[in-house]
Each structure stands twice: as structure tokens, then as C-alpha cells.
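Participant: The structure that follows is given in the form of C-alpha cells.
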Amino acid sequence: MRIGRWSIRNPRIAVAAWIAFVAAAVALGAVSGTKTLDNGAVGESARGYAIMNEHGLWGPARELAYIHSPHAPVPRAVIRDVQRRLSSLGLRPDTKLSADAHSAVVIAELTREVPVERIRAAVAGGARAHPQLTIEETGDVSADQARNRTVDRDLRRAELLSIPVTLIVLLFAFGALTAALVPVLLALSAVAAGFGLLGPLSQLFPVEDSAKTVVLLIGMAVGVDYALFFVVRSRAERNRGSGMSEALETTLRTSGRAVLVSGGTVAVAMAGMYLAGVRTLTGIATATIAVTGCAVLGAVTVLPATLRLLGPRIERGRIPLLPQADTGGSRFWSALVERVTRRPLVVAVLSTALLAALAFPALSLRISKPSDLALSAQSEPALKVLAEVRRAFPSAGETAVVVAEAPAAEREQLRRQLLQLGRLAVRERVGNEPVDPIRTVSTGAHSAAALFLPLAGNGANASSRHAVETLRRRLIPATVGRVRGVETAVTGPTAEDVDFTRQIRHALPYVLAFVLVLAFGLLLVAFRSLVVPLKAIALNLLSVGASYGVLALVFQHHWAEPILGFQSNGTIVSWLPLFLFVVLFGLSMDYHVFILSNVREAVDRGEQTETAVRRSIAVTAGVVTAAAMVMVCVFALFGTLSSLELKQAGVGLAAAVLIDATVIRGVLLPATMKLLGDWNWYLPRQLQWLPRRTYDLQPSTESSR
């Protein structure tokens, strides 16, 4: 690695260049801004949104006052008072009563510029005037603002907590404050650069707000991992008597190469999400590849330069009584590997059976796109009130929007058929009364119309999805489909769920094949072995399957609700299985590549495979454990957030990394390597042309202490 050796010889210039790169990336992001994705719809629902945007069929946003009387019908005088307060703002409120008359909503369409804060103040005035009733405000704008506040609050909380948690874990790993700070600073600078690069990249691949959380999540994880591997190896080389430059150059040839292979595997895995054809995942993949690239670049440039400048001062701030991750190997892991290699077949069978048992619940994994209220801890009043309104008024639930475009001459026929569709949907219990008025527009030679139909069910369950399919396959062809030259589409949150989930199911086999084939090729070249990549893929699939099982156990049932603070809807977020696969496949390779690089290095020096495995796992166990604990702790933080999507992602990632760093790397890996022996390094004669890496550990002419 020429750039790494250059950094060692010119450390001050390398550090200055890295700081300039990070500053330039941040400035570039500030100038370009981040282009956000309006929605991640695919298929028919995306086509419906396009027609609505083209013809302006959305209509004005609505804010509403929710009035509830627990013991008697809502007094008419209270409703009139709230109406009067909203009318004083220049609005024209309408009122609806629930079936039992214990709840009412006063609805105001924002047809003129009225700040939402004034509407909230008017409703709050009504609540103070009638303290015996519940009077609260919510609506389209209020709920959207509440969701944005929740996401921003979650991200800030994760940012604030991830840094001290990471630092504490690294203090236990290194026993010295300076050595612990170096990986944290590298990770933070990589995240900052990743955030900056996300700006211009988002102009090509628009991103949702969740992409920023993923940049933080993955950036901290891989940045710390790569720095940890590098720092530990360089310290180990210095403890063996090497000079600083010699130790760093040896580390570049070994751990530096492992970092490149790991980063490449993460990038390859994330690139698989482009095949899904889902813009939400495309944005996440772009963000992850960017921050991973920054972490790899920093690990092989500014990190060796920083270590060269610090020299022995890397040990400053040593904390008494704390252990080190690289001093003499781990007694626990040494003893465990010794026992594993005595009975490798029994251990391999039992470990595989354990992982298969954990993965078994994944066979019943049910996926769906979460509703707009999928916030596990609804601390925002507007979201709480919106949930109450939807419980009291079925017609306020999730809406299917039937969009139709036809020749202008068919405008009246189109309207009549949409009205007929609404009546038929209610009669067959596909939709709820009342059906909102039909919105129609004419633009030149075409007319377009939209019917807003409140769906049966809660919008995220099987009955709602069945209602969408019934509309598309049977009711629309029997009504609107008869209009000459018509083009129809059913869209809305539930229709998005149906289309998005179908797209993910369709794309999953292709993504899996892409990731597995490219990862196989990358590992084949890296280790010059046919068995190593095949075994790595099998072990990673076991850990991913086990994490899917944990997700099903935790989130498709109710037992974990009080622990994690969420309400189960019996499903997993539809994009999560594919996302988890590519992320976990990439991240788990960190440990696999790091351990096997040490094993391969020892084997190339002439050691027996069994001896090399025992020694390498004992020596690397401390750093792998520390790296895994950093990932588990950071990911677990996301399991405490309000967003159900991020909560599920955090739990799934934390469980998979924990399983991977313990059962997979500490038990199954040494057991299978002992069973296979020299077959681990089998390479067919036809592939002997692959480049051979040597581990030249002769002292550098420029080495110095």
C-alpha cells in the first residue's frame, strides 16, 4: 500500500490532508444540500402518486380538533365553541361525530395561509374553556412535524450516546485514554466526511432521513473496527521489539490489507441493494458505501500517520487495573478453542443446531411497510391524538387513493364510475363510510380524478392489504375500468406496503445471489482458497438466519413490548430483512477476515493449520471481542429509539453481531477449520494464477522507536 507507506514517512502532511479532505467533504455537503426522497413507492402506487402530482389532485392539508367525552355524548355547545374559534382564523370547519357520539372531530382544510401554531392555540383555548372534556389538536401538518421532531430527536440521542459508549468499551480494550480516543476520532471524522459526501451523492440518489441514521450507525461501527484492528496490531508489533515505522509497515501489510478486504466486502454487499430497484434502499446503499469508503481511506492513511506522530505517547492516560486487548492473548478464548478443537465434530453439530433453532422462527417471518404511526413511544401529542382519532373514526384510518386519468370527454362518466366504486367498496366491506368527495381536474385533452377511500382494517394488517388487492383486481375493472381510454392506479400507504413488499420479495433472490457471488470472488482472491469463501458464506448465512429468528421472536409477539417500549403489529419492516442481510454479511466479514488473515499469515510462515488457528484466535479474541462490543452497544442504542423501523434494525444488528463474534468466530470457525485441516487452503490447479500475497516481516531500513 503505497499511500499508507507514504503516510508513515510524511505523517504531518498526511494528517493535514485528511483534515482538509473532511473539511472539503463537509463544505461540499453544505453547499449542495441533501436531496430527500419524497416517497419510496414502487410499482402501481408510485404511478398513482405521479398522476396525482401531475394533475394536482392532493387537495389542501387538514388540521382537526379532537373532542372526547368519556361518559356522555359530546355537548353540541362545545362543538360550536371549537368551530367558532377556528372560524375566527378565517377557516371553514366541518364536524363529524363518532358512532357512539362520545367523540367528535372539527376538521379545517388549510385553504389559506394560517400558521398551524395559531390553530393549536385556538384548540388549546377550547380545552381550557372546557376542562371536563378532552380537546386536542392534530392533523396532516401537525403529525408530519411531530414525526420529523421524533426522527431528529432520535438521531441526536444516538449521536450523543454512541460516542461515550464507544469510548468506554475502548478504554476497557486498551487500558489507555489516548489509545481509546484514536479509533473514536477516526470514526467520527469518517462519519463527518460521509455526511458531507451524502449531499452531492443525494442529487443522484435521493435519500430518506433514515439514511443519516445509517451513516452514523455504520460509520461508527466500521470506523472503530478498522482503527481497532490497526492499533492493536501495531502495538503488538512494537511489543515484539519492532521500531515504530517497521511496526506500522508490517501492520499495513497485514491488518491494513484485512481492512481493505473487509471494506470491499461491505461495499459489495451494500451494492446488492441497487438490484432491488427501490429508491429507499438505493439511498441507504449509497450512504453506507460512502461512509465505509471514508473509514477505509482514513484507516490506511491518517491512522498510520497519527500513530507515527504519537509514537510511545499512544500509551498516555493509562488507567490502572484495566486490561489490554493485545497482551499475551486471552486465557478464556485460548481455553475455549482448546476444548473446541478436541471434539470439533460434536461442537460443530451442536453449534449448528443451536443456530438453526434460533433461526427457526424466521420461517414464520411476516413483513410489511410500517404505517405513518409506527413510532414505538409516541411522546408527541399530535401522534397520540391521531391514533385516538383513527380508533374512534374508522373513516379517518389509512386511505386508499384510487387515481384515474381519461380523455377529457369522459370526465362525467369517470366521476360516475368512481362514485359507483365507492358505494360498491363500502357494500362489500372493502372500505368505510363516509367516502371523501371525489377530486377531479381537467388539463387539456385529459381529465384526472381521485377517490379517497378509507380502507377496512387498521391500514397495516391483512384485511387492509386484501382490500387493496380486491380494489385492483375486481372492483376497479368492474367500474372505472369500463371508461374508455382510462388509466387507473391504487395508491396510498397500504398500497405502498403491498407494492413495496412484493418488490422486496421479488428482488431478494437476485440480491442474495449478487452479494454471495461477488463476496466469494473477493475472498477467493484475498485468501487463495476455494474452501475459505464457501465456509465464510455458510457461517454468515447461519448468523443472519439466527438474527432473523431473534427479530421474529421479539417483534412478532408481545412479550418484549414492555422491555423495549413498542406495540407489536405482528410484522417486521419490509425492507429490513434485505437490509440486514447485506449489512450483516458485510460487517461480519470484518472479524472473519481479521482472524483468517492472521491464520493465513501463520500458515504461510510454515505453521500447521490447527496450531495457527488456536494461536490466532487466542491472540485476536480480545480485539474481536472489543470490536464486537462496540458494534453491539452502538446498535443496541438504536433498539431504544422511538422509530419502530430503527428499533428493529438495532435489535437485529446487535443480535447478529453478538452471535457472530461468539458462536460463529469463537466456536464454529475453529471447529470447522480443525475438521478440514489443510483442505482449508485448497485451491484448484486451474486457479493457481491468482496473485500470491507474502508476509515479508524483515525489519524496515527506516524503522525507529
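The values are calculated or read from the model by the stated rules, or taken from the named source; none is laboratory data. On a predicted model such as this, the values are computed, not experimentally measured, just so you know. Neighbour counts run over all protein chains shown; Cβ positions are idealised from the backbone, glycine included. We work out accessible area using only protein heavy atoms, side chains counted, and drop any ligands, DNA or RNA first. Shrake-Rupley method; radii C 1.70, N 1.55, O 1.52, S 1.80 Å.
Participant: Can you run phi through the Karplus equation (6.51, -1.76, 1.60; θ = phi - 60°) for the stretch 15-28 and list ³J(HN,Hα) in whole Hz, with x for Gly and Pro?
Facilitator: Those phi angles translate into 5, 4, 5, 5, 4, 5, 4, 4, 4, 5, 5, 5, 5, 4 Hz.
Participant: Still on this structure: If the convex hull of the alpha-carbon atoms of the stretch 1-145 is projected onto planes in all directions, what is the mean projected area in square nanometres?
Facilitator: 17.0 nm²
Participant: Order 640-649, 347-356 from most to least packed using the mean count of other Cβ atoms within 10 Å.
Facilitator: Output ranking for 640-649, 347-356: 640-649, 347-356.
Participant: Next question, about the same structure. If you roll a 1.4 angstrom probe over the protein chains with everything in place, what fraction of the accessible area of the chain belongs to carbon and sulfur, to the nearest %?
Facilitator: Result for the chain: 60 percent of the exposed heavy-atom area is carbon or sulfur.
Participant: Please give, to one decimal in nm, the separation of the simple spin-label points placed at Arg605 and Thr134, each 7 Å out from Cα toward the Cβ.
Facilitator: 6.9 nm
Participant: Follow-up question, since we're still on this one. Please list Met244, Met629 from largest to smallest accessible area, probe radius 1.4 Å, with all protein chains kept in place.
Facilitator: Greatest to least solvent exposure: Met629, Met244.
Participant: How much length would be gained if the chain were fully extended between Arg502 and Val441, taking 0.36 nm per residue of separation minus their Cα-Cα distance, in nm to one decimal?
Facilitator: Stretched fully, the Arg502-Val441 segment lengthens by 18.8 nm.
Participant: Turning to a different aspect of this structure: Which whole-percent values make up P(r) of the stretch 549-654 when all C-alpha to C-alpha distances are grouped in 10 Å steps starting at zero?
Facilitator: 14, 35, 23, 17, 9, 1
Participant: Once Lys and Arg get +1 and Asp and Glu get -1 on their Cβ, which of Gln417, Leu297, Ala656 lies farthest toward the positive end of the dipole of the chain?
Facilitator: The listed residue farthest towards the positive side: Leu297.
Participant: Binning every alpha carbon pair distance of the stretch 149-264 at 5 Å from zero, what are the percents per bin?
Facilitator: Taking all Cα pairs of the stretch 149-264, the binned fractions are 2, 11, 17, 18, 18, 13, 9, 6, 3, 1, 0 percent.
Participant: Right, next: Using amide H atoms built in the peptide plane, which far-off residues or other-chain residues are under 5 Å from Ser447 H to H?
Facilitator: It is Ala406, Ala408, by chain and number.
Participant: Whole angstrom only: what separates the Cα centroid of the stretch 456-497 from the Cα centroid of the stretch 195-249?
Facilitator: Cα centres, the stretch 456-497 to the stretch 195-249: 47 Å.
Participant: So which aspartates and glutamates can Lys96 reach, going by Cα to Cα under 19 Å and dropping same-chain residues fewer than 8 places off?
Facilitator: Glu63, Asp81, Glu109, Glu136, Glu137, Asp140, Glu388, Glu398, Glu433, Asp436
Participant: Accessible area per residue for the chain in Å², computed with a 1.4 Å probe and the full protein assembly in place, what is it?
Facilitator: 41 Å²
Participant: Along the three principal axes, how long is the stretch 1-75 when you take its alpha carbons, biggest first, rounded to the nearest angstrom?
Facilitator: So the extents along the principal axes, rounded to whole Å, are 81, 39, 23.
Participant: While we're looking at this one, here's another question. Compute the normalised compactness of the stretch 120-173: alpha-carbon radius of gyration over 2.2 N^0.38 Å, N being the residue count.
Facilitator: So the stretch 120-173 has a normalised radius of gyration of 1.98.
Participant: Given a Förster distance of 22 Å, report the FRET efficiency between Leu675 and Phe332 from their Cβ-Cβ distance, rounded to the nearest 0.05.
Facilitator: 0.45
Participant: Something else now. What ranking of Asp100, Asp590 comes out by heavy-atom accessible area, probe 1.4 Å, highest first?
Facilitator: Asp100, Asp590
Participant: Here's another thing I want to ask about it. With every protein chain left in place and a probe of 1.4 Å, what is the accessible surface of Arg47, to the nearest 10 Å²?
Facilitator: 90 Å²
Participant: Rank these residues by their accessible area, most exposed first, probe 1.4 Å: Ile319, Ile572.
Facilitator: My answer, sorted largest first, is Ile319, Ile572.
Participant: Can you tell me which lysines have their Cα less than 25 Å from the Cα of Lys212? Leave out same-chain residues fewer than eight positions away.
Facilitator: Partners within reach: Lys35, Lys369, Lys647.
Participant: Right, here's the next one. Could you tell me the calculated FRET efficiency between Ala101 and Leu28, based on Cβ-Cβ distance and R0 = 51 angstrom, to the nearest 0.05?
Facilitator: 0.30
Participant: Kindly write out, for the stretch 225-231 in residue order, the coupling ³J(HN,Hα) from the Karplus curve 6.51 cos²θ - 1.76 cosθ + 1.60 (θ = phi - 60°), rounded to whole Hz, with x marking Gly and Pro.
Facilitator: Running phi through 6.51 cos²θ - 1.76 cosθ + 1.60 with θ = phi - 60° gives 4, 5, 5, 4, 4, 5, 5 Hz.
Participant: Of Gln132, Gln608, Phe21, which is farthest on the positive side of the dipole of the chain, counting Cα position, with +1 on Lys and Arg Cβ, -1 on Asp and Glu Cβ, and the Cα centre as origin?
Facilitator: Projecting each Cα onto the dipole axis, the largest value belongs to Gln608.
Participant: What shape does the chain take by its C-alpha gyration tensor, where a ≥ b ≥ c are the square roots of the eigenvalues and a/c under 1.5 counts as rounded, a/b above b/c as prolate, and the rest as oblate?
Facilitator: Judged from the Cα gyration tensor, the chain comes out prolate (a/c at least 1.5, a/b above b/c).
Participant: Counting Lys +1, Arg +1, Asp -1, Glu -1, what net charge surrounds Leu523 among other residues with beta carbon under 12 Å of its beta carbon?
Facilitator: With Lys, Arg at +1 and Asp, Glu at -1, the net is +3.
Participant: What is the chain's relative contact order, in percent, from Cα pairs under 8 angstrom and six or more apart in sequence?
Facilitator: 20 percent.
Participant: Label Leu89 and Phe360 with points 7 Å out from Cα along Cα→Cβ: what is the distance between them in nm?
Facilitator: The modelled label-to-label distance comes out at 5.6 nm.
Participant: For an R0 of 41 angstrom, estimate the FRET efficiency from the Cβ-Cβ distance between Ala16 and Arg153 and round to the nearest 0.05.
Facilitator: With a Förster radius of 41 Å, E is 0.70.
Participant: Hey, another quick one. At what distance in angstrom do the alpha carbon centres of the stretch 348-367 and the stretch 1-73 lie from each other?
Facilitator: 36 Å
Participant: Can you list the lysines whose alpha carbon is less than 19 Å from that of Lys535, not counting same-chain residues fewer than 8 positions off?
Facilitator: Cα-Cα hits under 19 Å: Lys674.
Participant: For the stretch 92-118 and the stretch 506-537, compute the distance between their C-alpha centroids and round to whole Å.
Facilitator: A separation of 57 Å, based on Cα centres.
Participant: Here's a follow-up. Is the shape of the stretch 460-618 best called rounded, prolate or oblate, per the rule: a/c under 1.5 gives rounded, else a/b larger than b/c gives prolate, else oblate, with a ≥ b ≥ c the square roots of the Cα gyration tensor eigenvalues?
Facilitator: Since a/c reaches 1.5 but b/c is at least a/b, the shape of the stretch 460-618 is classed as oblate.
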